[in-house]
């Protein structure tokens, strides 16, 4: 799978670990930064880079990491076509894809440790949108909200 990863300085170390694990599993990776720990960097820049890569089709899914996951999630969802959610449990990580067609997983590096982060990424990437009528109907309502925002 083609996956884009990105983080600010707070998520840098965890992003490096996640990226290496994804490479070992054979995924094609696009790393949009940060490429070093720069305390002055800003999470919206990396949220935009991850989101654009998904929306533009350069990646099928994205993994975005900041300190809490909250700011990056808020920022990523400002991009038309991005459905990002901060997840700190495996149920949400797979259910977000299965029911809501989530395409960006957001993690908080100050909330989850490396082992749990790997489990969350695995659950997210293994999940597929169910396509059930009720989920399609709800997703269309979400898309309508997104269109009104444009």
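The values are calculated or read from the model by the stated rules, or taken from the named source; none is laboratory data. Since the structure is predicted, the reported quantities are computational estimates derived from the model, not experimental observations. Cβ: placed from backbone, ideal geometry, glycine included. Neighbour counts: every protein chain shown.
Residues that are surrounded by fewer than 24 Cβ atoms within 10 Å (Cβ to Cβ), touching a residue at least 40 places away in the same chain (Cβ under 8 Å), over 11 Å from the mean Cα position of the chain (by Cα) and not in a loop (DSSP other than H, G, I, E, B): does the stretch 39-47 have at least one?
The first filter runs over the stretch 39-47 and keeps only residues surrounded by fewer than 24 Cβ atoms within 10 Å (Cβ to Cβ), leaving 39-42, 44-45.
Add one more test, that the residue is touching a residue at least 40 places away in the same chain (Cβ under 8 Å), and what stays is none.
Checked the stretch 39-47: no residue is surrounded by fewer than 24 Cβ atoms within 10 Å (Cβ to Cβ), touching a residue at least 40 places away in the same chain (Cβ under 8 Å), over 11 Å from the mean Cα position of the chain (by Cα) and not in a loop (DSSP other than H, G, I, E, B).
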Can you tell me which residues in the stretch 101-130 are under 20 Å from residue 55 (Cα atoms) and either buried (at least 17 other Cβ atoms within 10 Å of the Cβ) or modelled with pLDDT under 95 (or both)?
101, 102, 103, 104, 105, 106, 107, 121, 124, 125, 127
For the stretch 48-64, what are the residues that are in contact with a strand residue (DSSP E or B) (Cβ under 6 Å, 6 or more places away or on another chain) and either under 16 Å from residue 107 (Cβ atoms) or surrounded by 18 or more Cβ atoms within 10 Å (Cβ to Cβ) (or both)?
49, 50, 53, 54, 59, 61, 62, 63, 64
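Give the residues of the stretch 101-130 that are in a loop (DSSP other than H, G, I, E, B) and either in contact (Cβ under 8 Å) with a residue 24 or more places away in the chain or out of contact with any helix residue (DSSP H, G or I) (no Cβ under 8 Å at 6 or more places or on another chain) (or both), sorted by residue number. Before you say what the answer is, go through the steps one by one.
At the first step, the residues of the stretch 101-130 found to be in a loop (DSSP other than H, G, I, E, B) are 101-103, 109-113, 127-130.
Listed by number, the residues that qualify are 101, 103, 109, 110, 111, 112, 113, 127, 128, 129, 130.
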Taking the residues in the stretch 11-26 that are in contact (Cβ under 8 Å) with a residue 60 or more places away in the chain and more than 20 Å from residue 75 (Cβ to Cβ) as candidates, determine which candidate is surrounded by the most Cβ atoms within 10 Å (Cβ to Cβ).
22
Could you check the stretch 27-38 and list, in sequence order, the residues that are crowded, with 17+ Cβ neighbours inside 10 Å and either more than 17 Å from the chain's Cα centre (by Cα) or farther than 21 Å from residue 60 by Cβ (or both)?
34
Looking at the stretch 80-107, which of its residues are closer than 14 Å to residue 143 by Cβ and touching a strand residue (DSSP E or B) at 6+ places or on another chain (Cβ under 9 Å)?
82, 83, 100, 102, 103
